[in-house]
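The values are calculated or read from the model by the stated rules, or taken from the named source; none is laboratory data. Please read all numbers here as calculations on a predicted model, not as lab measurements. We place every Cβ from the backbone using ideal geometry, glycine too, and count neighbours over all the protein chains shown.
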Amino acid sequence: MNRFFSFGRLGALLVKEFIQMRRDRVTFAMMLGVPLMQLLLFGYAINTDPKSLPAALVATGNDHYTRAIVSALQTTNYYRFDHVAESAAEAERLMARGEVSFVVTIPSDFARRVDRGEAPQILIEADATDPSASSGAVSTLSTLAARALNRERGVAPGAVGGPALDVVVHRRYNPEGISQYNIVPGLLGVILQMTMVMMTSIALTREIERGTMENLLAMPASPAEIMLGKVLPYLVVGGVQVAVVLVTAKLLFSVPFVGSLPLLLGAILIFVLALVLLGYTISTIARTQMQALQLAFFFFLPSILVSGFMFPYRGMPGWAQLFGEILPLTHFLRVVRAVMLKGADLAAIGTEIAWLIGFVAFFSALALLRFRRTLD
Amino acid sequence: MNAIDVHGLVKRFGNKTVVDNVSMQVAPGEIVGFLGPNGSGKTTTIRIMCGLLTPDAGSGRVLGYNLLTDSLKIKREVGYMTQKFSFYEDLTIAENLEFVARLYRLKPVANHVADTLADLGMTSRRNQLAGTLSGGWKQRLALAACIMHQPKLLLLDEPTAGVDPKARREFWDEIHRLARDGLTVLVSTHYMDEAERCHRIAYISYGRMLTTGSVAEVVANAGLITYIVSGPGLAGIAAALESRDGVEQVAPFGATLHVVGSDRQELEAALSDIAARDGVTVAPGETSLEDVFIQFMAGSKDNMA
């Protein structure tokens, strides 16, 4: 028996493993940090039935019927009217920029039609690029609006009073509510992030682990040369991935592409640059390849959860949205969905592009600061 | 102008002083052997000199460039061969050489690589992965790669560790050939025969430079007296001698025993009864460099603890 299994030998292995685990502080932090972060994010940040979605009101009449409908919508907690648009064109722009999820249009003859006993109409346009985010708000709409109107007309609940309210719902950008339209463009960002950050995060640690770093540093290569030499090859890898995802999106999932391809490719280039520089920064912090991969994973997890990839961004509490803002993926997802599905132009996604450029500048500065020209 | 001219170098890691006030002057074309026990600060000193580490104190010039401010210029004109093979094992021999040639901006790259491969006798193996080379060949490749840009100073950190005697001999012939052409060489080693092939040696122990000079000077300055004991029962004699006053080292060398001390009278007194034993002869011998180094090591306190 002893030949095959000895508790003494098992003990030796266990002791060694625990010692190594304790020495590797990054791993230790990961073992505590990952479950905690997951618990907090899933528990507090994620909400698949988002409330308080920003909406724009287009209402030319300021009669009591209109006010009643608006306040009824607001009390559902689904709508937060923080934009009053002067015109349909302005509301359109707000939606294309992603500043509002809904545009509620109450026509100018609304009150007249109610008073004349004709069937009044309101139009609700929902940003359906993320169909799940808007479905709750849309489904509660008709009954609530009708009830509010009836109350305002003095019709008792349940009684039949005049012609019914006609609520016209337009699911913009994705009329059939196909969730692939939301997921597949988002996947482009997720796939790029996963591979780019992971591959570049081991750039320097691999040299250090193999002992080639000492030689590299002894030769006349500047930190900027080493950094660019390490990250630029992955732009090519990223380019191949982009081609694969875009072609697949078109052929297999028939995801519409209504925007400008050059604009999207330009944005992807900036995003990938930010990612490879982030990976390189991780590489200047981690001491081993293992640590680098763990750090990359540590970054990857919240990116999936709070960027708006899997769960509606607007559904998260303020702190989680703020956290999402500091992740490159959040901004890229807005860009890719806006360009592919909404046909957004540069003006509409300018802020997001500026964020991405900011990430590029920040990560390259950080990487160059962290880079050690010596072995000190 | 000296190729290396550094003063008062200090390097600390945490609260441990690894290099403690080291000064060194090396003339152009000189081969200087850098000796000392493991962990004595040889590698750290060499790394400071090629700009891989910043000293905590001290200053100096390497090839006329300021050690503290001109590290990029120093890197361009120094060849540094690391202790561990540090070229890319997943690149072929030729690819490694091309990489180095491009980093030093040697033009045309193909010619430099072809010449280096021919000098190495590796032209036919140019497409072999560097990781598949034996220790001796890796060492030759590493040396060839660090002299490809024709440096003026070569820093070699234990270049012959784990290399067979024939390869070592060839390696040293190459070093002497390079030095004749004006290259300055600082080479760290543990091998006494290699130390003896240097023009001059510098001995460092626990971060302090203990002595420097030619082998003969170092041996003479140590002031050690050596007797060679031969005859039967050497093991017993060795055990008996070790505890006696005046005897500082007892080391078996084949069928003889080297007994070393620094006080001639005490040493002779300690040996007097041994010499009187039947069949045992005690004769004056020459102190070797190794005896001197063992003496140094015993004399300096270990700061590893």
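What to note about this one:
Residues are listed down the side, and each one gets a yes or a no for (1) at pLDDT below 80; (2) out of contact with any Asp or Glu (no Cβ under 9 Å at 6 or more places or on another chain); (3) closer than 30 Å to residue A:344 by Cβ; (4) not in a helix (DSSP H, G or I):
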| site | (1), (2), (3), (4) |
| --- | --- |
| A:152 | yes, yes, no, no |
| A:159 | yes, yes, no, yes |
| A:169 | no, no, yes, yes |
| A:177 | yes, yes, yes, yes |
| A:183 | no, yes, yes, no |
| A:189 | no, yes, yes, no |
| A:193 | no, yes, yes, no |
| A:197 | no, yes, yes, no |
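- Some residue of region A:264-285 being closer than 21 Å to residue A:184 by Cβ, of a type in the set (S, T, N, Q) and surrounded by fewer than 21 Cβ atoms within 10 Å (Cβ to Cβ): no
- All conditions but one from (1) on the phi > 0 side of the Ramachandran plot; (2) in a helix (DSSP H, G or I) apply to residue B:279; the one that does not is (2).
- Selection status of residue A:114, β-branched (Val, Ile, Thr), closer than 27 Å to residue A:78 by Cα and out of contact with any strand residue (DSSP E or B) (no Cβ under 6 Å at 6 or more places or on another chain): yes
Yes/no matrix, rows are residues, columns are (1) under 30 Å from residue A:175 (Cα atoms); (2) within 14 Å of chain B (Cβ to nearest Cβ); (3) not in a helix (DSSP H, G or I):
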residue	(1), (2), (3)
A:234	no, no, no
A:243	yes, no, no
A:249	yes, no, no
A:255	yes, no, yes
A:265	yes, no, no
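- Total residues in region A:54-88, condition of a type in the set (S, T, N, Q) and within 16 Å of residue A:107 (Cβ to Cβ): 4
For (1) touching a Gly at 6+ places or on another chain (Cβ under 8 Å); (2) assigned by TED's automatic domain parsing to the domain that holds residue B:22; (3) among the aromatic types (Phe, Trp, Tyr); (4) under 24 Å from residue B:93 (Cα atoms), each residue gets a yes or a no:
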{"residue": "B:145", "(1), (2), (3), (4)": "no, yes, no, yes"}
{"residue": "B:173", "(1), (2), (3), (4)": "no, yes, no, yes"}
{"residue": "B:184", "(1), (2), (3), (4)": "yes, yes, no, no"}
{"residue": "B:202", "(1), (2), (3), (4)": "yes, yes, no, no"}
{"residue": "B:206", "(1), (2), (3), (4)": "yes, yes, yes, no"}
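- When residues of region A:195-231 are limited to those that are acidic (Asp, Glu) and touching a residue at least 24 places away in the same chain (Cβ under 8 Å), the one nearest to the other protein chains (Cβ to nearest Cβ): A:214
- Of all residue pairs spaced 6 or more apart or on separate chains, those with beta-carbon atoms under 6 Å, a first member in region B:201-214 that is more than 16 Å from residue B:48 (Cβ to Cβ) and a second member that is modelled with pLDDT under 90 and among the hydroxyl-bearing types (Ser, Thr, Tyr) are B:203/B:211; B:205/B:40; B:205/B:300; B:206/B:40; B:206/B:300.
- Tally, over region B:256-289, of residues that are modelled with pLDDT under 85 and either under 25 Å from the mean Cα position of the chain (by Cα) or of a type in the set (Lys, Arg) (or both): 1
- Looking across region B:169-199, the residues that are surrounded by fewer than 20 Cβ atoms within 10 Å (Cβ to Cβ), of a type in the set (D, E, K, R) and outside any loop (DSSP other than H, G, I, E, B) come down to B:169, B:170, B:173, B:174, B:177, B:180, B:193.
- Qualifying residue in region B:220-231 (condition: within 25 Å of residue B:20 (Cβ to Cβ), assigned to a helix (DSSP H, G or I) and under 26 Å from the mean Cα position of the chain (by Cα)): yes
- Qualifying residue in region A:157-171 (condition: closer than 27 Å to residue A:339 by Cα, surrounded by fewer than 15 Cβ atoms within 10 Å (Cβ to Cβ) and of a type outside the set (Phe, Trp, Tyr)): yes
- Residue match in region A:340-350 (condition: outside the structural domain of residue A:191 (by TED's automatic domain parsing), among the acidic types (Asp, Glu) and surrounded by fewer than 23 Cβ atoms within 10 Å (Cβ to Cβ)): no
- Among the conditions (1) within 19 Å of the chain's Cα centre (by Cα); (2) modelled with pLDDT of 90 or more, residue B:37 misses just one, which is (2).
- Within region B:30-88, the residues that satisfy the criterion of being part of a loop (DSSP other than H, G, I, E, B), within 13 Å of chain A (Cβ to nearest Cβ) and among the hydrophobic types (A, V, I, L, M, F, W, C) are B:50, B:52, B:53, B:67, B:68, B:85, B:87.
- In region B:100-109, the residue that is farthest from residue B:73 (Cα to Cα) out of those that are part of a helix (DSSP H, G or I) and free of Cβ contacts under 8 Å to residues at least 12 places away in the same chain is B:109.
- Region B:89-119, residues that are within 14 Å of chain A (Cβ to nearest Cβ) and among the aliphatic types (A, V, I, L, M): B:91, B:97, B:100, B:101, B:103, B:106
- None of A:49, A:109 is acidic (Asp, Glu), surrounded by 13 or more Cβ atoms within 10 Å (Cβ to Cβ) and farther than 18 Å from residue A:173 by Cβ except A:109.
- Single residue of region A:353-376 satisfying the filter (in a helix (DSSP H, G or I) and free of Cβ contacts under 8 Å to residues at least 24 places away in the same chain) that is farthest from the other protein chains (Cβ to nearest Cβ): A:354
- Cβ pairs under 9 Å, 6+ apart, first in region B:1-20 and hydroxyl-bearing (Ser, Thr, Tyr), second surrounded by 15 or more Cβ atoms within 10 Å (Cβ to Cβ) and outside any strand (DSSP E or B): B:17/B:41; B:17/B:56; B:17/B:206; B:17/B:207; B:17/B:303
- Per-region count, region A:189-243, residues β-branched (Val, Ile, Thr) and within 20 Å of residue A:327 (Cβ to Cβ): 7
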